[in-house]
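Nothing in this text is a laboratory measurement; each read-out follows from the coordinates by a stated rule. Note that this is a predicted model, so its numbers are computed, not measured. Positions of Cβ are backbone-derived with ideal geometry, glycine not excepted, and every protein chain shown enters the neighbour counts.
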Amino acid sequence: MNRPEFVAPHTGIPSFYKAPIGDIGTVEEGQAVVAGVPMDHGVVLTRTGTRYGPRAIREASLFYRAVQEAGSEKTSVNVRTNVAYRLKDKPNLTDVGDLMIYPQDIHKTSESISDGVFTIVKEGALPVLLGGDHYLTYPAFEGLARGIADRKHGARIGHVHIDSHTDFRDSYEGFGKYNHGTSVRRISENSMISYKNMAWVGLNGSVLDSDIYRIYRSNGLKMISSDDIRVSGIRDAVKEAVEVAADGTDAVYVSIDIDVVDAAYAPGAGVPVFEGISSKDFLVAAETLGEFDVIGAIDLCEVSPPFDTTGRTAYLAANALVTFLSPYLFDIVDLD
Ligand SMILES: [Mn+2]
């Protein structure tokens with residue numbers, strides 16, 4: 001049957017940005033590969049619900065696709081830059097569905113996430129992970145490291161963590177060493193990364209435990225606060241962080257926690273934060289990240305749809321990812 005392309009965002013199978021649904025074993029070099037990680041068993045102390053994040057982000061992304069398709073010549077012009085973006089006939093994007101999650105077993109879940117990311121990276125494609133709680137970044141980083149090591153002996157990896165929190169605790173009393181507050185500490189223990197290639201963007205509030213503060217001071221860790229961003233601007237902050245992570249490395253993992261955005265704009269998060277960045281700055285951060293080829297994997301975590309009856313947190317997440325993925329989705333055209 002010859003079906004017309006659907007335009008209405010409430011119709012069709014809700015893959016991310018209406019991407020073709022592919023098999024993780026057949027991804028192609030240079031592709032962006034979306035995979036969901038619908039977990040919340042890495043959450044400690046705070047509220048769950050992030051298991052519903054990937055599906056909500058996928059559904060919200062269809063709005064942005066529909067708007068682009070509905071435009072004349074499927075082309076839209078950014079009023080700030082006057083750059084015209086035309087939807088590619090074949091966006092360089094596939095959605096491989098969700099990685100297997102084992103809600104009663106964090107270590108089996110870790111293996112699944114690491115293996116999934118490894119499979120994508122070793123083919124030379126870009127994993128784009130929809131969280132899920134922020135624990136997933138640790139096994140996903142391991143998958144990136146394995147995949148890059150597979151392609152280059154002796155490779156080094158950097159990490160950029162865009163979050164209100166460091167996620168750098170060694171352990172939580174009663175919750176152990178493997179949860180969404182310890183993922184970056186576990187990453188730092190990988191032999192393919194050094195402290196000098198780790199950067200945080202958007203920290204706010206009293207987020208440094210005493211031991212983290214001492215490591216930060218004695219190692220000169222790159223930590224950019226939301227107050228720093230108000231002074232320097234988000235674009236420079238993101239650039240500085242990626243440059244630190246990319247210095248002497250072969251790939252950078254970028255992890256984004258939606259709670260870097262103030263709860264006034266993004267209420268659908270397990271941890272409400274009230275000194276966060278604006279939704280506008282969040283989108284500029286995504287745009288800036290899109291300019292760096294060195295990024296080898298990216299995730300967007302902690303969207304918890306049950307806490308946002310308006311759905312805007314998932315829309316913000318989808319908008320940011322579409323913005324970041326712009327080179328994979330659009331051709332820049334000259335309308336004059
Ligand atoms: Mn986090």
**Prompt:** Of these, ASN179, ASN204, ASN190, which one is within 16 Å of the ligand (Cβ to nearest atom), in contact (Cβ under 8 Å) with a residue 12 or more places away in the chain and under 30 Å from ASP105 (Cα atoms)?
**Reply:** ASN179
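Counting only residues that are in a helix (DSSP H, G or I) and either charged (D, E, K, R) or in contact (Cβ under 8 Å) with a residue 60 or more places away in the chain (or both), how many does segment 72-118 have? Reasoning before the result, please.
First pass over segment 72-118, keeping only residues in a helix (DSSP H, G or I): 72-74, 106-118.
Restricting the remaining residues to those that are either charged (D, E, K, R) or in contact (Cβ under 8 Å) with a residue 60 or more places away in the chain (or both) gives 73-74, 106-111, 113, 115-117.
Of the residues in that region, 12 qualify.
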**Request:** Go over the candidates ASP259, ASP281, ASP293, ASP236 one by one and state the one that is among the acidic types (Asp, Glu), outside any helix (DSSP H, G or I) and at negative phi.
**Result:** ASP293
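Conditions (1) crowded, with 24+ Cβ neighbours inside 10 Å; (2) in contact with a helix residue (DSSP H, G or I) (Cβ under 9 Å, 6 or more places away or on another chain), marked per residue:
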site: VAL117; (1), (2): yes, yes
site: GLU142; (1), (2): no, yes
site: GLY154; (1), (2): no, no
site: HIS165; (1), (2): yes, yes
site: ASN190; (1), (2): no, yes
**Item:** Number of positions in segment 132-169 that are among the small types (Gly, Ala, Ser), farther than 18 Å from ASP209 by Cα and within 16 Å of the ligand (Cβ to nearest atom)
**Value:** 2
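Which members of segment 131-174 meet the condition of being in contact with a Lys or Arg (Cβ under 7 Å, 6 or more places away or on another chain) and either within 25 Å of VAL273 (Cβ to Cβ) or without any contact (Cβ under 8 Å) to a residue 12 or more places away in the chain (or both)?
Start the filter on segment 131-174 by keeping residues that are in contact with a Lys or Arg (Cβ under 7 Å, 6 or more places away or on another chain), which leaves 138, 147, 150-151, 168-171.
Within segment 131-174, TYR138, PHE168, ARG169, ASP170, SER171 qualify.
Have a look at ILE332, ILE298, ILE277 and point out the one that is in contact (Cβ under 8 Å) with a residue 60 or more places away in the chain and within 15 Å of the chain's Cα centre (by Cα). Show your work before the answer.
On the way: ILE332 fails: within 15 Å of the chain's Cα centre (by Cα); ILE277 fails: within 15 Å of the chain's Cα centre (by Cα).
ILE298 is the lone residue from the list that is in contact (Cβ under 8 Å) with a residue 60 or more places away in the chain and within 15 Å of the chain's Cα centre (by Cα).
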**Asked** Is there a residue being touching a strand residue (DSSP E or B) at 6+ places or on another chain (Cβ under 9 Å), away from the ligand (no atom under 15 Å from the Cβ) and of a type in the set (Phe, Trp, Tyr) anywhere in segment 215-229?
**Response** yes
**Prompt:** How many residues are buried (at least 22 other Cβ atoms within 10 Å of the Cβ) and either among the acidic types (Asp, Glu) or under 22 Å from GLU243 (Cα atoms) (or both) if we restrict to segment 167-185?
**Reply:** 4
**Some residue of segment 38-51 being farther than 28 Å from GLU142 by Cβ, surrounded by 14 or more Cβ atoms within 10 Å (Cβ to Cβ) and not charged (D, E, K, R)** = no
**Complete:** Considering residues that are surrounded by fewer than 24 Cβ atoms within 10 Å (Cβ to Cβ) and closer than 21 Å to LEU45 by Cα, the number found within segment 254-269 is 3
**Fill in**
Given (1) surrounded by fewer than 19 Cβ atoms within 10 Å (Cβ to Cβ); (2) touching a helix residue (DSSP H, G or I) at 6+ places or on another chain (Cβ under 7 Å); (3) at positive phi, LEU208 misses just (3)
